[in-house]
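First comes the structure, then the notes that go with it.
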2 protein chains.
Amino acid sequence: MENQQIKRAGLKVTAPRVKILGILEKSRKRHLSAEDVYKQLLSQDEEVGLATVYRVLTQFESAGLVCRRNFEGGQSVFELNSGDHHDHLVCVKCGKVVEFVDTLIEERQSQIAADKGFRIQDHSLVIYGVCPGCQSQD
Amino acid sequence: MENQQIKRAGLKVTAPRVKILGILEKSRKRHLSAEDVYKQLLSQDEEVGLATVYRVLTQFESAGLVCRRNFEGGQSVFELNSGDHHDHLVCVKCGKVVEFVDTLIEERQSQIAADKGFRIQDHSLVIYGVCPGCQSQD
DNA sequence: GAAAACGTGAGAATCTTTCGCATTGTTTTG
DNA sequence: CAAAACAATGCGAAAGATTCTCACGTTTTC
């Protein structure tokens with residue numbers, strides 16, 4: 001269960017942390033900004049400050065529990081780290097996120113980095129588009 | 001010459017605009033943040049406000065002259081739009097940028113978007129790593 | 001169960017980016 | 001080429017996102 005993940009990260013199990021992790025788990029389809037998480041906490045009548053949300057998210061990130069993404073638009077969004085590296089398809093209208101993994105692309109990336117002499121550390125691939133649901137609303 | 005590009009964008013040819021475009025042209029190897037551009041202007045004893053730098057960069061972006069990228073880290077960086085869509089290899093140590101185009105990856109992306117029913121609009125692929133020069137400094 | 005260490009909320013502070021507005025510069029027109 | 005017409009600039013203020021500070025509350029340790 002969630003508490004174990006928090007403990008394993010070397011963090012104490014506190015109400016804000018458990019709540020935030022729970023919110024992230026319930027929102028795998030739509031990655032959340034710190035503000036989004038904060039609003040959900042408020043709507044659940046939780047007394048959590050925005051600063052704490054940022055703190056906890058940053059701690060979770062360091063612990064490898066969540067990933068921070070810098071999509072377009074001012075704020076970062078966070079998603080639960082499912083372990084496997086994956087890329088994103090983001091709907092520019094509704095914000096819906098679809099994750100995918102493509103071995104072929106991963107291989108080409110390693111190849112390209114090697115060609116240029118780079119020692120690869122990480123990568124980020126985001127495809128922006130309009131999802132099926134939003135297309136029908138045009 | 002540069003002034004033509006500015007005019008074609010429907011903008012008046014002013015000192016700040018010409019200078020900023022010139023700075024971007026000289027820095028194709030390392031994409032610049034608005035702050036970076038501003039500092040270079042100052043070091044050239046140009047009287048340009050930071051607000052103008054942002055304004056001009058945004059205008060250039062709308063005009064398709066430059067592209068704004070949201071790499072990791074708080075600020076956006078800008079690069080001259082060379083017309084062709086390309087992706088990036090960024091050195092996490094020195095900030096050096098290498099651009100590349102890979103048809104195979106582009107094709108896979110279209111394929112993936114199609115599979116998921118998305119109407120693709122844009123995409124962003126960034127590989128983070130350590131460049132050859134920085135590797136030898138370890 | 002007291003001390004030490006950690007976690008929290010609230011607001012201040014910081015950083016990046018944008019805005020408002022009086023002033024200045026560029027282009028157009030005659 | 002001067003004046004009108006309007007766009008562009010610089011400055012400081014403002015906004016939005018994120019982090020920091022600090023006094024207070026909770027957990028852990030022994």
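The values are calculated or read from the model by the stated rules, or taken from the named source; none is laboratory data. Source: prediction; values computed, not measured. Here the Cβ positions follow ideal geometry from the backbone for every residue, glycine too, while neighbour counts run over all protein chains shown.
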Top-ranked residue of the range B:1-18 - restricted to ones that are within 11 Å of DNA strand C (Cβ to nearest atom) and among the basic types (Lys, Arg), ranked as surrounded by the most Cβ atoms within 10 Å (Cβ to Cβ): B:Arg17
Spans of strands (runs of 3 or more DSSP E) in the range A:28-138 with at least 2 residues of a type in the set (Ser, Thr, Tyr) and within 11 Å of chain B (Cβ to nearest Cβ): A:119-130
Residues within the range A:1-17 that are within 19 Å of the chain's Cα centre (by Cα) and closer than 29 Å to A:Val98 by Cβ, tallied: 5
For A:Asp102: the one exception among (1) out of contact with any Asp or Glu (no Cβ under 9 Å at 6 or more places or on another chain); (2) without any contact (Cβ under 8 Å) to a residue 24 or more places away in the chain; (3) outside the structural domain of A:Arg30 (by TED's automatic domain parsing): (1)
Qualifying residue in the range A:19-27 (condition: within 14 Å of another protein chain (Cβ to nearest Cβ) and either without any contact (Cβ under 8 Å) to a residue 24 or more places away in the chain or within 11 Å of DNA strand D (Cβ to nearest atom) (or both)): no
The range B:18-65, subset among the basic types (Lys, Arg) and under 25 Å from B:His85 (Cβ atoms), residue farthest from the chain's Cα centre (by Cα): B:Lys26
